[in-house]
Amino acid sequence: MNAQNGTGLSAADHELAGEYVLGTLDAAQRQAVQARLVEEPALQAAVMAWEERLLPLTDLAEPATPSAQLWWRIERSLNALAAPAPRPAPAPTPWWRNWHSLSLWRGLAASGFATAAVLASVLVMREMTPPPATRFMVVLVAPDDKAPGWVVQAGASSRIELIPLGSVEVPADKALQFWTKADGWSGPVSLGLVTPGQRLEVPAGKLPALQPNQLFELTLEPRTGSPTGKPTGPIRYIGRAVQVM
C-alpha cells in the first residue's frame, strides 16, 4: 500500500503530480493524468500546489523568440496528439484541457528555454491569486546532466525551504547534507541533513541575509553528517540564488 501524505493522495501520486507539472512524463502518462484530473480533486490540488511552488521560476528566464520552423513542428506535433472530443456534459473546459493549445505553447515558449524556463514552460496558464512573495529562488541541479532535483526558496516568512522535485537514491551508510555559502564567507555553512524526498525548512534567522548568487549545494556525506563541519563528499546537487521579487 502506498504511503499517504496527509491529503488522501499517495506519495507516488504526489510525485506524479510534480512530474506532470515539470513535463517529464511521456505523452501516454500525461494523458492518463489529465483523465484522472477530471475526477480526482486531490490530484488536482497536488498539481496546483506544484504549480504554485514553481511559478516564480517564470521570472528567471531570458526572453527568446522561437523560429517559424519550430512553430511548424510544434503545431504538427499538437495536431498529431489532438485530444478526443469533449464529453457531452455541459461544463466549462478544465484548465488542463488547454495543454494541446498552440497559443498556450507560443506564450510559454516566449519565456526562453533555460533551466528555469524548462520548469516554467509546462505550468498551465490560468487566472489565480499570485503565490506568496519569494525573494530568492534556487534550482539545484545534478552537476553531470544538469537535471533539476530540488528547489530552494526564501521569502518573507523568515525561513529557507528546500523542496524535492522527485526521489533520490542515497546509500544506506550515507546522507545528504545541505550547505550554503555567500561571497565573502570563509567557507560553506551547514543547513542540516536532508531526508530524500522530504521538504526541509531552515529558519533564515540562523544565517546572515541571503545574497544574489549565493551558493547552495547538497553533498553526499557520512550517515551522521560531515565530520569536519565542511563538505567532504561529492556534490550531488548545486545551484545559485537568484532574486525574483
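Consider the stretch 12-40. How many of its residues are surrounded by 14 or more Cβ atoms within 10 Å (Cβ to Cβ), assigned to a loop (DSSP other than H, G, I, E, B) and at pLDDT 85 or above? Residues flagged as surrounded by 14 or more Cβ atoms within 10 Å (Cβ to Cβ), assigned to a loop (DSSP other than H, G, I, E, B) and at pLDDT 85 or above within the stretch 12-40 amount to 1.
When each of 229, 187 is tested for being in contact with a Lys or Arg (Cβ under 7 Å, 6 or more places away or on another chain) and part of a loop (DSSP other than H, G, I, E, B), the lone residue that passes is 187. Just one of the listed residues (148, 196) is surrounded by 20 or more Cβ atoms within 10 Å (Cβ to Cβ), modelled with pLDDT of 85 or more, under 24 Å from residue 25 (Cβ atoms) and not hydrophobic (A, V, I, L, M, F, W, C), and it is 148. Quick one: in the stretch 199-245, which of the residues that are acidic (Asp, Glu) and surrounded by 17 or more Cβ atoms within 10 Å (Cβ to Cβ) is nearest to residue 182 (Cα to Cα)? If we take residues in the stretch 199-245 being acidic (Asp, Glu) and surrounded by 17 or more Cβ atoms within 10 Å (Cβ to Cβ), then 217 is nearest to residue 182 (Cα to Cα). Looking only at the stretch 152-164, decide whether some residue is touching a residue at least 24 places away in the same chain (Cβ under 8 Å), aliphatic (A, V, I, L, M), over 26 Å from residue 51 (Cα atoms) and part of a loop (DSSP other than H, G, I, E, B). No: the stretch 152-164 contains no residue that is touching a residue at least 24 places away in the same chain (Cβ under 8 Å), aliphatic (A, V, I, L, M), over 26 Å from residue 51 (Cα atoms) and part of a loop (DSSP other than H, G, I, E, B). Of the residues 202, 189, 170, the single one that is more than 19 Å from the chain's Cα centre (by Cα), in contact (Cβ under 8 Å) with a residue 24 or more places away in the chain and not assigned by TED's automatic domain parsing to the domain that holds residue 46 is 170.
The values are calculated or read from the model by the stated rules, or taken from the named source; none is laboratory data. Quick caveat: nothing in here was measured; it's all calculated off a predicted structure. Virtual Cβ from ideal backbone geometry, glycine too; neighbours counted across all protein chains shown.
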